Amino acid sequence: MSLMNFMPTSMARRAIHTCLLLLGLMMAAGTANAELKIDITRGTVEPLPIAITKFIGDTVDEANYGKSISDVIAQDLERSGLFKPADSRAFIQSAEAMSSVPRFGDWRVIDVQALVQGRAEIVDDGRLRIEFRLWDVFAETQMVGLAYFTVPDNWRRVAHIIADSIYKRLTGEDGYFDTRVVFIAQQSGTGACRGTTPMNPFGKRLAIMDQDGENRRYLTDGSSLVLTPRFSPTLQEITYMSYHGNVPRVYIFNIDTGHQEVVGDFPGMTFSPRFSYDGETIIMSMAKDGNSDIYTLDLRTREDKQLTTHSGIDTSPSFSPDGKFIAFNSDRGGAQQLYVMSANGKNVRRISHGKGRYATPVWSPRGDLIAFTKLQSGRFFIGVMRPDGSGERLLAEDFKIEAPTWAPNGRVLMYFRKDRTNDDGSGGRSRLFTIDLTGDNEREVTTLCDASDPAWSPLNP
Amino acid sequence: MRLNILGVVAAVALVAACATDPEMTSDTEGDGASSEASSSSAPAGIMPGSEADLVVNVGARVYFAFDRFDLNDISRSTLERQAAWLKANPGVSVALEGHADERGTREYNLALGERRANAAKDYLVALGVSPDRIRTVSYGDERPVAMGSNETAWSQNRRAVTTVAGAGS
């Protein structure tokens, strides 16, 4: 009946064991019908109507876990803009009344195309067992059936993993719900998150949360100004910039241990760090005698290498996923523009040619696009272009929006938006938003404090 | 104009002609508006060679145009007074802080602040101040002195500030 899989986990993260639920009859029937699928490559997608029933449980505790999990799954899928969870008040068949196979007619009547059911159970060793099934209502087939074992406190993560599983089964693309975001939290205009000091006048702290804004916690204590965190694609590490000791330098922060370490021994300010996609190199800028150039630091050999030597400002470097190219921002031509060069610093060519200034290029994890910030006529924009500079599209615009970061599947961008500040210092709220690559479905990511400089993690290990 | 005493007088005249210069606004530090090149007239209670002496009697700030780091005549005259003051107070080391307004991306602003701090440092060194006495640090747009999202505030934030080492800004 069940096949045990073991997902790789680090010591500090809680294990989640996965079992495949097989329903032989239904699996066989599934091949005969047209597949239920969302094509997310089209410009505008009509959200797929889906019923996410309350996950049932025999005891009060189990029922509470079940309801919480199904709620998080519904929120994840709804926020993606690709799914429209049906109102549970319209449901004809109750979750409790569903045995192993639902009455599909009851679900077709309320116009849902996909149905999710599940169960939460606390097993003898105290772990939480959560099973779910995804049904194609019209083909009357099971599309996914899985069970997970984990410690009860980890229920939220299981919900994100289930949402990812549903997303992947119905879109063909990897999901991005079981991810985190590292960002800079700061005191808000309303006075929330107080913590300013003379050395850190906005109280900026390194913070981390789940992609949906939950499980927020601070990683630094606010004694030093910190900026521009970025996730390692391979390890539980963040590279960021700190003014610790009033010397601005690039650091690495280990999320599991809390250990912080300066990156390299450079004679000037190091800033704008970012990992290569293999996680083995940090690329960043170093400013010396007023001039900023781009350097790499090999994290194993600790050898640094200077890649640019131009007298212009060269900053915001970002590796391509294959590690062969680097996109960066330079004003060597007079004003900020985007450039691409080979990983050895050769073959520099400008790729941005539109009106205005261009900044913060970030290569998509899929390799097909570069996201950027654009400044034109006193307005800021978030946009994307192909690595050769063609196909520029602007997705969002405001007084100040900046710092796009990619979801690991390359379909969604997150960035921050800062409102105008009044002369008395009020206003100026800074918040995080996501938007689809299509330019649709802009959503705020709620944070308790003001927030900026988001960086999306890869899928959690 | 370099090292030309008359240049200071000319700079004072320029203040009146430069409507967009932040020094036209109510700047309590009086930089640019004063032609005093030393701390000889320090008010009672201000220690010669102190941070307060620099701010009140010399002028600690120089300002820049949008996305620029070149020094104008007013900035040069302020730095000439700073150089004279540094020579009169040979035991003092300073930090030159470079700042940008909010109309740029964070990382570019850090680089721009670094450029501005170094432009001011280079001029002090050209005037004979030892580079060993001057540390530079960029804060990008992280430490605005004026909060508003308007040109008046932005012009005050595009600056390089000389602070007595250890005194902070």
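Data table
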item: Among the residues listed as A:R431, A:R379, A:R443, the single one being assigned by TED's automatic domain parsing to the domain that holds A:F328, under 24 Å from A:T171 (Cβ atoms) and at pLDDT 95 or above; result: A:R443
item: Among (1) more than 8 Å from every other protein chain (Cβ to nearest Cβ); (2) free of Cβ contacts under 8 Å to residues at least 40 places away in the same chain; (3) open to solvent by less than 40 Å² (accessible area, probe 1.4 Å); (4) in a loop (DSSP other than H, G, I, E, B), the one test that B:P90 misses; result: (3)
item: Residue, surrounded by the most Cβ atoms within 10 Å (Cβ to Cβ), within the range B:109-159, restricted to residues that are more than 20 Å from A:Y243 (Cα to Cα) and in contact with a Leu (Cβ under 8 Å, 6 or more places away or on another chain); result: B:A120
item: Qualifying residue in the range A:251-260 (condition: under 23 Å from A:V181 (Cα atoms), open to solvent by less than 40 Å² (accessible area, probe 1.4 Å), within 12 Å of chain B (Cβ to nearest Cβ) and not in a loop (DSSP other than H, G, I, E, B)); result: no
item: In the range A:365-382, residue farthest from the other protein chains (Cβ to nearest Cβ) [restricted to those that are under 23 Å from B:R103 (Cα atoms) and outside any strand (DSSP E or B)]; result: A:S377
item: Selection count where residues are under 21 Å from B:D122 (Cβ atoms) and in contact with a Lys or Arg (Cβ under 7 Å, 6 or more places away or on another chain), scope the range B:149-166; result: 4
item: In the range A:180-235, the residues that are in contact with a Pro (Cβ under 6 Å, 6 or more places away or on another chain) and β-branched (V, I, T); result: A:V181, A:V182
item: Given (1) on the phi < 0 side of the Ramachandran plot; (2) touching a residue at least 12 places away in the same chain (Cβ under 8 Å), index of the condition A:G203 fails; result: (1)
item: Test: residue in the range A:219-228 that is in contact (Cβ under 8 Å) with a residue 60 or more places away in the chain, touching a Ser or Thr at 6+ places or on another chain (Cβ under 9 Å) and either within 14 Å of chain B (Cβ to nearest Cβ) or closer than 19 Å to A:D304 by Cα (or both); result: yes
item: Strands (runs of 3 or more DSSP E) (entirely within the range A:288-359) containing at least 2 residues that are open to solvent by 10 Å² or more (accessible area, probe 1.4 Å) and at pLDDT 95 or above; result: A:291-298, A:304-306, A:337-342
item: Selection status of A:R156, without any contact (Cβ under 8 Å) to a residue 40 or more places away in the chain and not assigned by TED's automatic domain parsing to the domain that holds A:D210; result: no
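This table checks each residue for (1) part of a helix (DSSP H, G or I); (2) within 17 Å of B:F69 (Cα to Cα); (3) facing chain A (nearest Cβ under 8 Å).
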{"residue": "B:D122", "(1), (2), (3)": "yes, yes, yes"}
{"residue": "B:D132", "(1), (2), (3)": "yes, no, no"}
{"residue": "B:R135", "(1), (2), (3)": "no, no, no"}
{"residue": "B:D141", "(1), (2), (3)": "no, yes, no"}
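The values are calculated or read from the model by the stated rules, or taken from the named source; none is laboratory data. All values reported here derive from a predicted model rather than from experimental measurement. Here Cβ is always computed from backbone atoms with ideal geometry, including for glycine, and neighbour counts include all displayed protein chains. Note: areas computed on protein heavy atoms with side chains; ligands, DNA, RNA excluded. Shrake-Rupley method; radii C 1.70, N 1.55, O 1.52, S 1.80 Å.
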